[in-house]
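Engineer: The structure's right below; bear with me while I get my questions together.
Derivation of every value follows stated rules applied to the coordinates shown; laboratory data play no part. Since we're looking at a predicted model, the values are computed, not measured. Because the Cβ atoms are built from the backbone with ideal geometry, glycine has one as well, and the counts that use them run over all protein chains shown.
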Amino acid sequence: MASDAARPRTAGAQPRPWHAPTSGTTVFAAAMMIVGGAMAIFEGISGIRKDQLFIATRHYVFEFSLAGWGWVHLILGIVLLLAGCVVLSGALWARFFGVSVAGLGVIANFLSVPYYPLWALTLVAVNILIVWALCMGMHREAGEGLVV
């Protein structure tokens with residue numbers, strides 16, 4: 001009796017199942033989104049409370065009040081944290097949403113560099129890592145779906 005395991009794969013055979021959460025880069029991206037979101041939330045709370053951590057800048061092109069930047073970072077942090085939790089589910093839309101939210105985080109943190117340079121540049125790097133990891137996970141998934 002021959003078993004099905006001994007048959008060679010044909011071009012019409014179904015590829016092996018693959019899910020995004022099993023990818024190391026997607027799990028890394030989700031973890032970084034949760035951590036980066038928490039960091040942005042703390043930055044937002046500090047900005048809203050007008051802590052002494054921030055530098056008072058003058059004549060900055062993108063000048064908001066410190067509380068304004070705090071609200072921007074707080075909202076982006078909450079959205080990034082929630083998106084990181086949803087990315088763990090493996091939904092494709094969640095990864096696209098995560099890339100867009102992390103991209104907005106890069107822009108927001110780049111614009112707030114004069115207020116707290118080291119923290120802002122750290123969050124820029126975290127958000128760039130998130131975008132890279134999410135895009136790499138999508139790239140690997142697209143490559144796995146091909147059957148030769």
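Engineer: Separation between the ALA31 and TRP71 pseudo-spin-labels, each 7 Å from Cα along Cα→Cβ, expressed in nm?
Structural biologist: Simple spin-label model gives 3.6 nm for this pair.
Engineer: Same structure again: List, in order, the whole-Hz ³J(HN,Hα) value for each residue of segment 85-100 obtained from phi through the Karplus relation with A = 6.51, B = -1.76, C = 1.60 and θ = phi - 60°; use x for Gly and Pro.
Structural biologist: So the J values, rounded to whole Hz, are 5, 6, 4, 5, 6, x, 5, 5, 4, 5, 5, 5, 5, x, 5, 5.
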